[in-house]
Structures are given as structure tokens and as C-alpha cells.
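To start, the structure under review is shown below, and the notes come after it.
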Amino acid sequence: MDRIRRFIDEAWSELKKVSWPTREQTRNLTVLVFAISIGIGLYITFFDLIFSTAAQKLTGS
């Protein structure tokens, strides 16, 4: 039981040292991740359509 208590105390001590982002930083980074994800999704979709159209024309399907 002492080992568990010591682990929790040390983990809590380490969490106090963490530099947590502000609410604004979290919001901005979340928006950035969504924007980049949508951009990459559109990029992949665009090239997928081009390559699938080219493959259909080459195979005559």
C-alpha cells in the first residue's frame, strides 16, 4: 500500500510542474488541428478523384 501511495504522491508532484496551456491556446490549437485535417482530407480526396478517373479511362470501365 505504501508503494501505491508514494506513486500517487510522485505523480501529483510531477503534474504540478506541468505548464498547462491557457483556454485560448487550447482553442486556437484545436481550430488549427481541425483546419489542417480538413485541408489534408480535401487534398487526398482531390487526388483520389483524379487518379480513379484516370484509372477508369485507362481500363475502359
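Has the stretch 39-59 got at least one residue that is hydroxyl-bearing (S, T, Y) and at pLDDT below 95? Yes - at least one qualifying residue is present in the stretch 39-59.
Answer yes or no: is there a residue in the stretch 34-47 that is part of a loop (DSSP other than H, G, I, E, B) and without any contact (Cβ under 8 Å) to a residue 12 or more places away in the chain. No: the stretch 34-47 contains no residue that is part of a loop (DSSP other than H, G, I, E, B) and without any contact (Cβ under 8 Å) to a residue 12 or more places away in the chain.
The values are calculated or read from the model by the stated rules, or taken from the named source; none is laboratory data. Just so you know, these numbers come straight off a predicted model, no measurement behind them. Please note: Cβ atoms are built from the backbone with ideal geometry, for glycine as well, and neighbour counts cover all protein chains shown.
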